1. Of all the C-alpha pairs in the range 72-222, what % are more than 24 Å from each other?
2. What residue among 125, 233, 98 has the largest mean-square fluctuation in a Gaussian network model of the chain, using Cα springs under 10 Å?
3. Taking the dipole about the Cα centre of the range 314-421, with the C-beta of Lys and Arg at +1 and of Asp and Glu at -1, give me whichever of 378, 335, 351 is farthest to the positive side.
4. Any idea what diffusion coefficient the range 217-324 gets from Stokes-Einstein, in µm²/s, Kirkwood Rh on alpha carbon pairs, 4 °C, 1.567 mPa s?
5. Kindly express, to the nearest 10 degrees and within the range 0 to 90, the angle between helix 169-178's C-alpha long axis and the longest C-alpha principal axis of the chain.
6. To the nearest Å, what is the center-to-center distance of the range 4-38 and the range 161-201, using C-alpha atoms only?
7. Excluding residues on the same chain fewer than 8 positions from residue 155, give the lysines whose Cα lies under 25 Å from its Cα.
8. What percent does the relative contact order of the range 51-132 come to when contacts are Cα pairs within less than 8 Å and at least six residues apart?
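The values are calculated or read from the model by the stated rules, or taken from the named source; none is laboratory data. Predicted model, so just to flag it, every value in this text is computed and none were measured. Because the Cβ atoms are built from the backbone with ideal geometry, glycine has one as well, and the counts that use them run over all protein chains shown. Heads up: the accessible areas ignore ligands, DNA and RNA and are worked out on the full protein's heavy atoms, side chains in. Shrake-Rupley method; radii C 1.70, N 1.55, O 1.52, S 1.80 Å.
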Amino acid sequence: MSYADLRAFLADLGSDLLKVGQAFDPKHEMAALLRAMPANGPAVLFENVAGHPGARVVGNLVASRKRVAKALATSEAELAATYLQRTRQGIAPRQTSDAPVKEICHLAPADLGALLPVLTHYAGDGGPFITTGVVLCTDPLTGRRGMGIHRMMVKGGRRMGILLANPPLSTFLANAEAAGRPLDIAVALGVEPALLIAAVVKAGPLGPDKMDLAGALRGAPVDLIRAETVAVDVPARAEIVIEGRVLPGLREAEGPFGENTGYYFSNLSPVVEVTAVTHRRDFIYPALCPWTADVDALLSLAAGTELLGQLRTQMAGIADLDLTTGTCGFTAVIALAKARPTDVRRLIHLVFGMDKRVKLVTVVDDDVDVRDAREVSWALATRFQPDRDTVILSGMEGYVIDPSCGGGTGSRMGMDATRGSGPEFDKITIPAAAAAKARSVLAEIGFVAG
Ligand SMILES: Cc1cc2nc3c(=O)[nH]c(=O)nc-3n(C[C@H](O)[C@H](O)[C@H](O)COP(=O)(O)O)c2cc1C
């Protein structure tokens with residue numbers, strides 16, 4: 001069921017992988033192509049990377065639900081159910097000595113930027129940023145593993161800035177700093193999609209080990225090996241691993257960086273001193289262009305489906321949930337079967353309690369497709385009265401990259417766009433026989449009916 005590594009997944013994509021032979025520069029040009037990809041377009045492999053002979057860069061990797069489903073060996077229709085069923089029970093990683101990621105080892109590399117084709121994405125970015133690095137470390141107090149994607153600015157030489165805005169890694173750094181010690185980290189680059197998805201699941205501080213979650217998603221343990229210079233276990237079949245230490249007590253300017261919100265965000269952030277880089281001889285560097293379908297797809301499964309599963313443990317009748325594309329997980333639509341107004345209110349409060357990222361939630365009936373913007377707008381236009389059906393909560397925790405919070409607290413809004421009980425809310429329909437005829441005639445001339 002599982003892919004051994006990123007390159008095994010790429011080898012299986014066939015025509016769903018676009019190979020680009022023309023030279024592309026990691027500075028702006030690659031991001032421009034990734035931004036220009038059509039909806040549900042193929043993954044992209046840049047085979048000719050300007051300034052980095054022999055290196056390849058992959059992007060748009062999980063930008064379609066079809067490819068995410070393929071990565072988990074399931075269908076689009078079964079994606080959420082597969083995720084929820086598999087993640088009920090973790091599969092622990094195992095240690096190995098067979099580690100392609102150690103084929104080449106650079107101890108204390110002089111210039112990280114010369115070694116790796118790190119992309120500069122947007123016009124106002126302050127430099128190249130690693131956007132798809134799975135950052136791994138352990139809590140100096142408890143020994144618990146932490147894992148997440150964190151943006152890293154390549155600053156020259158061996159230094160990187162790292163945005164640690166979320167626990168558990170921000171807590172682990174605080175624990176290391178309280179003891180006056182650096183925090184050992186390793187950054188895995190070019191991992192198979194299941195591991196990438198597991199890294200961004202909102203597991204929470206008491207949640208499962210995300211390496212166990214990755215094993216559960218792929219249906220087989222992740223192979224790990226101890227890093228060369230830091231006390232961290234790393235995925236043995238990654239393409240690249242960067243090892244380093246977050247220096248205690250130090251904060252430096254990091255950014256600007258064109259974020260997943262569609263805006264630049266700068267911060268005073270911790271600093272990493274790189275101690276080693278290991279990689280495969282012919283490594284593939286992974287790109288993830290912010291504010292694209294690639295990010296939407298990651299959030300949809302790791303945050304959206306995870307939230308759906310958590311809500312279902314608290315409430316019956318939740319049919320589906322979608323995080324609206326392009327909103328960085330701030331906007332959710334939930335379909336509820338046989339919705340009563342009191343259920344909808346409870347659901348809205350549950351969502352805001354469970355995911356600090358969600359700011360706007362619309363609840364619809366299960367006759368509305370949560371992924372169809374036209375249907376959701378229709379439900380809001382015809383089943384919703386603003387003064388009667390809106391819930392607003394003030395003084396909530398603001399999300400750090402949301403510019404409208406201005407770095408302080410924020411508010412949340414829930415909208416009840418579920419129907420009233422009368423027949424005037426029944427959707428109009430076409431008789432089944434006439435609809436079937438229309439579909440078959442359109443199919444004969446090569447159209448897929450809407
Ligand atoms: C595309 C993407 C980029 C992210 N970048 C950052 C980041 O730069 N800094 C950060 O603190 N969290 C970032 N996150 C969130 C962390 O990975 C987060 O810790 C994780 O999604 C939730 O895991 P947790 O419950 O263990 O905190 C990002 C998430 C995604 C999906």
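1. On the way: 4782 of 11325 pairs.
Value for the range 72-222: 42 percent of Cα pairs lie more than 24 Å apart.
2. So, out of 125, 233, 98, the one fluctuating most is 98.
3. Comparing the listed Cα positions along the dipole, 351 ranks first.
4. The calculation lands on 73 µm²/s.
5. Computed tilt is about 40 degrees.
6. 27 Å
7. Candidates past the 8-residue exclusion: 27, 102.
8. About 28 percent, as a whole number.
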